[in-house]
1. Within a 10 angstrom radius of each residue's Cβ in A:333-342, how many Cβ atoms of other chains show up on average? Whole number is fine.
2. Per 5 Å bin, what percent of the C-alpha pairs of segment A:134-276 does each bin hold, from zero upward?
3. At 222 nm, what helix-only mean residue ellipticity would chain A give, in deg cm²/dmol to the nearest 500, using -39500 (n - 2.57) for each DSSP H run of four or more?
4. Below 19 Å, Cα to Cα, which lysines can A:Lys220 reach? Residues fewer than 8 away in the same chain don't count.
5. What spacing in nm lies between the two simple spin-label points modelled at B:His114 and A:Arg240, each 7 Å away from Cα in the Cβ direction?
6. Sequence-distant or interchain residues sharing an amide H contact under 5 Å with A:Arg244, placed H: which?
7. When the Debye formula is applied to the Cα atoms of the protein assembly as shown, each taken as the same point scatterer, what base-10 log of I(q)/I(0) results at q = 0.06, 0.09 Å⁻¹?
8. Strictly greater than 22 Å: what percent of every Cα pair in segment A:45-163 meets that?
Amino acid sequence: MTAIPPADPVEAPGARIPGRAGWRRAWTALDERLGLSAFAYPVPRHANALAYTLGGITLGAFLLLVATGVYLSQFYDPAPADAHASVVAISEADVGSIIRSVHFWLSTIFAVTLALHLLRTFVTASYKRPREATWITGVLLFGLAGGLLYSGTILKWDQEAFEALEHNTEIADLLGVLGFWFSPEFSGALALLTRVYIAHVSLLPVLFLGVLAVHLLLVKRHGVSPLPWGTAAEVVRREREEERGPFTSHLVRILYWTLLVLALALLLAAIRPTGIGPEGVAGIEITKPPWYFLWLYPLENWFGLNPLVIAPGVLFAGLVALPFLDRGAERDPRRRRGWVALAVLVILAWGFLTIYGFVTEPVAHVGE
Amino acid sequence: MRRILWILAGLVLLLPSPAVGTGGDEEGELGAQPARALALQALSILEQGVSHELAMEKLDLALASPDQDDVDVGALRRARAALAGERPERAEELLRRVFPEDDEHLIGVTLRPHRGTPELIAGIIAAVIAALALLGLMRRRGAERPAEPRSGSGATAA
């Protein structure tokens, strides 16, 4: 049974549109020329729950990151000699300081909502047929987000950034030909910092948006995944029978949640503005990575630089392979105890390594 | 939807000129890092044998820093003098005393902007946006409630 309230503006061309005639005319004119209503699709009622809105919230946070990033790029100097001073200058200005702090906190919120979205997708087995490609594009977005967070850490060009870039260079050596782009020798014309900046503001966001477009088209093509509870037959029946609402209703909820994310980032920027470390010195190591990379720190203490390539590689390969390994029809997490146990184990290991990385004695790794 | 557009338009109007995005050419107090962070860098530079001149530069900055909390300034001065006298081992020894063994030899973000009027305004704007967004979400939920006759019909909530 599909019931779409008729009073929605974006449901179908020619649908009744509430509000003033001007809005209606504008919408009709735009829709006639741009086919905007093609973006609309019926959304099951459960998709309006917070757990199923996390992807949209992550997208909202990403768009806010782009907006604040564009602002910051007007004042940031990516030349190694001036980069640190330009960040200090941004941090000394009233608006610059707030926008930089908002950008920083948005990146943290983005990382959290993205991880939670991935976790929800895993728990509800939304990667199963026919949504394997949706999952794989999501995993690609997860990897690209990691690249954005990493490159963003380097741009402030303080001691922490220097050490992150030195790890980058060492990993490039480990990867051989594959790591050539990451090495300072790749371009004689531009410093590695400048190329990391280009990656952060153009290469990675363009790739991210490209993969995101495919991800969103696949979500539209296959629809929002069903609630997983019950037997496989019950899930199929519920998916077929569940009441559906207009896409715009879902979109408005996402917009409200995005405003909440903006409010949270502003509040955190006000309470705890982000700062900067001292100008970096090459060849020394006296910082630890940001919290989202901290799980790698103990591994590096124990086994050297190799785990920095191997551990994320194994995680990434495992996530990509998941839909081809877990091919059963069951979606209910209570009926997929082995997979859920594996996920719990991975989360516990991540938590343990992160906490251990936080409390453990600092160790110099690079150049050892 | 229209309310969101109004909120976004209001936010755009609230934004000041982009020209206030930097603090200008003058380096204020915020540009000066805490002496402790700079001294730790100097110690690490000496330990790794990177460059005595660089270590001296860092100690000069530490001695000139307005933030000399949690650091023995006398020891820093003596370490600076030892370096000037070409005695890096002595300087290293003195700097180690500044940072005892059980102390964490670690720095991160050491310089934070002072909290003032801009942060207060940001906090107020955050509260207003949060209130409007929560109100919008609650009204949305309220408006959709009558169309939920299927509760208890077998479909479990997420």
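The values are calculated or read from the model by the stated rules, or taken from the named source; none is laboratory data. From a predicted model like this one, the values you see are computed outputs, not experimental measurements. Cβ atoms come from the backbone with ideal geometry, glycine included; neighbour counts cover every protein chain shown. Calculation scope for accessible area: heavy atoms of the full protein, side chains included, ligands and nucleic acids excluded. Shrake-Rupley method; radii C 1.70, N 1.55, O 1.52, S 1.80 Å.
1. Taking all residues of A:333-342 together, the mean is 0.
2. Spelled out bin by bin, segment A:134-276 gives 2, 8, 10, 13, 16, 13, 11, 9, 8, 6, 4, 1, 0 percent.
3. Value at 222 nm, helices only, nearest 500: -21000 deg cm²/dmol.
4. A:Lys128
5. About 7.0 nm separates the two model spin labels.
6. Long-range HN contacts for A:Arg244: A:Ala3.
7. -0.36, -0.77
8. In whole percent, the long-distance tail amounts to 44.
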